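One structure is given here, and the rest of the page talks about it.
The values are calculated or read from the model by the stated rules, or taken from the named source; none is laboratory data. In this text the structure is predicted, and so the values were computed from the model without any measurement. Using ideal geometry, Cβ is built from the backbone for each residue, glycine included, and neighbour counts are taken over all protein chains shown. Note: accessible area is taken over every heavy atom of the protein model, side chains too, but ligands, DNA and RNA are not part of it. Shrake-Rupley method; radii C 1.70, N 1.55, O 1.52, S 1.80 Å.
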Amino acid sequence: MFRHFLTKNRSKLAPLAVLSFAGLLGCASIGSPGGGLYDETPPVLVRSEPAEAATSVNRQKITMRFNENIKLDNANEKMTISPPQVKAPTISSNAKTLTIELRDSLQANTTYTIDLGDAVQDNNEGNPLENLSLTFSTGDHIDTMKVMGTLLNAKDLEPITGAFVGIYAVTEEGIFPARGKEGDSLQLAIDSIVALYPDSIFSLRLFERAGKTDSYGRFTISGVGPGKYRMYAVKDGNTNYMYDVNTEDIAFVDSLIIPSVGSHTASDTIWNRFDSLKVDSIYVHEVTDYYPNDLCLRMFNEGHVIRYLDDMKWKDSTQITLNFAANMPEPPVIMLLDEEDRGPARLDKDAWLICEPNPTNDTLVYWLRDSVVYHRDTLHLTVTYPFTQNGIDIIRTDTMHLEKPEINVPEDQQPEDKDDKKKKKRRKKDLEEAPKDTLPKTVFMSIKLLDSKIDVGKRPRFETSAPLDSLNIAALHLEQQKDTIWVPLEFELVQDSLRMRRYTLHAKPHFSPGQNYRLICDSASMHDIYGHPVDSTAMSFSEKKSDEYAHLLVNVQGVEGEAFVQLLNEKDNPMQQASVKNGQARFPQAPVGKCYVRLVEDRNGNGIFDVGSLDGRIQPENVFYLPKMLEMRENWDYSETWNVRATELDKQKLDELKQNKPKEKKEKKSKNEEYLEKHPNLRKKLNK
């Protein structure tokens with residue numbers, strides 16, 4: 001019966017068979033694992049509700065429909081909605097549909113912009129749809145203007161990532177309009193405060209429109225209408241789009257922001273899809289320009305820091321290390337549970353627990369002096385310290401339980417493998433037959449020289465392995481080499497005021513360039529707090545020669561008022577500093593090697609960088625970077641003329657010097673290109 005059907009309808013089925021065969025052949029000829037070329041294109045937005053640029057919108061549920069199944073990548077973090085929302089919106093995806101629920105009531109006559117960045121990807125290959133956004137209005141028109149710029153750290157011009165930059169509308173006279181209505185006591189009170197203290201609006205109201213900075217510190221505020229605005233920025237710790245916690249980093253613009261629009265002609269080259277060297281066409285079109293597009297805000301913290309205990313470790317049997325998020329105004333109080341009679345930790349060497357803070361007072365090492373304590377397997381302690389809560393420091397006490405750290409076994413004492421059994425037995429036999437030492441082995445404290453080659457005019461420093469209990473200065477000897485003879489020198493030994501284990505040598509009259517010295521410590525000339533003596537030690541050092549330095553003269557232009565110049569290393573840390581006098585900063589002993597230059601306009605002449613103040617509308621001191629690296633050589637003279645304002649601020653700091661380097665997107669290698677390279681005939685076929 002089936003054969004009869006085929007015979008009767010052969011003429012009708014023949015074309016269908018040919019088409020089916022051709023289709024199968026077409027798929028088979030590509031030969032990639034999926035039966036065709038790989039999907040390398042991102043999803044395409046087919047439609048949205050509301051539609052792009054829709055007006056008179058009153059719905060809080062937004063849906064977007066794509067041409068393929070999608071997935072979300074970090075959408076809650078990447079999504080920015082302007083005006084900002086008090087209640088966080090919800091976002092979800094299902095197959096080809098993306099849904100966003102706005103939980104705040106929509107404002108009347110307002111343009112809304114939802115920016116999703118690259119949060120939407122196709123479900124199979126993960127190709128992201130870049131710069132996805134949707135704009136609609138609850139009124140009868142769309143505000144289309146934009147304001148753009150860059151946000152930098154005021155102290156070191158580092159790009160600030162993930163901060164919010166926002167604006168507030170003002171009247172023609174530059175005054176913030178009142179919002180309170182009769183019966184709304186809260187808004188009326190806010191209006192009164194803002195009228196007296198205009199910048200308080202930054203702490204009392206959400207941004208009216210906002211944008212978020214990317215990894216380069218760049219921001220765009222979209223949907224801006226005509227008018228005048230005040231601009232602020234905040235590193236928003238609690239994500240409420242205003243400066244309401246005094247520990248947050250902030251920035252502000254002195255002048256009013258007046259957005260405008262322009263245009264210019266541009267041309268785009270359309271390249272062949274399958275041949276990257278072949279041009280298909282050139283497209284000439286008008287491009288809309290939005291101004292201002294080069295704003296540069298400098299972010300700072302007014303000096304309010306967040307204090308909390310970041311980490312606490314029992315480093316070894318005699319040391320406990322506390323790491324805090326910021327400097328401590330005074331050392332925390334540590335008490336042993338149920339043993340308060342021992343008293344809190346102190347800075348003097350006679351205490352059972354000795355505190356050694358670092359210079360910034362955020363890392364503190366506590367030395368356990370009492371053997372009854374440091375021989376325990378577990379320590380139960382209370383730590384009392386200043387803790388920042390809602391921008392205010394309170395006194396907090398934490399209870400800590402610390403386990404004694406494991407002792408690291410040296411490599412030469414590690415258990416040996418099976419192949420070394422004979423050697424192990426032989427060594428054991430030798431030890432058993434060796435004569436026994438009847439005296440206990442002496443444990444020595446250690447001492448190390450921090451600078452084997454000191455800079456001209458500097459002094460050598462050494463550091464002990466533990467705080468000292470006693471020091472016999474008469475048993476220390478400083479000597480200078482003259483020809484082949486070592487000549488004794490008078491000296492003073494000064495303990496560092498911040499680091500109790502560090503000491504500085506002061507020779508009388510002074511150390512000399514190019515000369516060799518040594519410090520000899522007699523045996524038992526010093527003892528640490530555990531009773532360990534120092535062994536007989538000699539430490540040699542020398543002072544550099546004058547010709548081991550480079551000589552740099554920086555001619556400074558464009559500086560307003562007093563200023564100082566710093567030479568920086570590759571980690572952006574200052575190595576030397578010199579004041580600008582008569583337009584010049586001199587470094588007669590500049591370090592050799594790679595060097596970078598930073599200038600600070602020192603308005604109060606105190607020699608350090610000072611932050612700004614929002615209440616006083618004081619910007620932080622201006623900082624500039626020489627946009628080039630200097631390669632310094634020994635005994636070379638360098639002269640650099642630098643106009644600090646010749647290069648835009650956001651382009652001054654070199655990428656190699658930035659600590660906050662943006663994550664460069666790796667260029668995705670085309671799987672289709674690899675496949676077509678292996679099948680040139682298919683490429684020719686597709687190009688026809």
- [ ] May I ask you to give the solvent-accessible area per residue for the stretch 194-294, in square angstrom, as obtained with a 1.4 angstrom probe?
- [x] 51 Å²
TODO: Give me the accessible area of Asp310, 1.4 Å probe, in Å² rounded to the nearest 10.
DONE: 100 Å²
Open item on the list: Between Gln515 and Lys313, how high is the FRET efficiency from 1/(1 + (r/R0)^6) when r is the Cβ-Cβ distance and R₀ = 30 Å? Nearest 0.05.
Closed with: 0.10
Open item on the list: Can you compute 3J(HN,Hα) from phi for each residue in the stretch 293-306, using the Karplus curve 6.51 cos²θ - 1.76 cosθ + 1.60 with θ = phi - 60°, rounded to whole Hz and x for Gly and Pro?
Closed with: 10, 10, 5, 10, 9, 10, 8, 8, 10, 5, x, 8, 9, 9
Task: Label-point gap, in nm, between Thr90 and Asn660 - each point 7 angstrom along Cα→Cβ - done: 3.4 nm
Open item on the list: Using amide H atoms built in the peptide plane, which far-off residues or other-chain residues are under 5 Å from Phe511 H to H?
Closed with: none
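Using a 1.4 angstrom probe on the protein heavy atoms only, line up His477, His141, His510 by accessible area, largest first. Don't skip to the end; give the middle numbers.
On the way: His477 70, His141 95, His510 115 Å².
Largest accessible area first, the list is His510, His141, His477.
For the stretch 530-667, with all protein chains present and a 1.4 Å probe, just round the carbon and sulfur fraction of the accessible area to a whole percent.
On the way: 3370 of 7610 Å².
Looking at the stretch 530-667 in its full context, I get 44 percent from C and S.
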Task: Inter-probe distance in nm under a simple model that places probes 7 Å from Cα toward Cβ, at Asn604 and Asn635 - done: 4.5 nm
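Which order do the peptides 556-568, 96-108 come out in when sorted by mean C-beta neighbours inside 10 angstrom, highest first?
Highest mean packing first, the order is 556-568, 96-108.
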Task: Portion, in percent, of the accessible area of the stretch 76-115 that falls on carbon or sulfur, probe 1.4 Å - done: 42 percent
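Provide the gained length on full extension for the span Gln584 to Trp486, in nm with one decimal, where the gain is 0.36 nm per separating residue minus the Cα-Cα distance.
Numbers: separation 98, 0.36 × 98 = 35.28 nm, distance 4.25 nm.
Between Gln584 and Trp486, full extension yields 31.0 nm more.
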- [ ] Might you tell me the accessible area per residue for the stretch 541-624, computed with a 1.4 Å probe and given in Å²?
- [x] 46 Å²
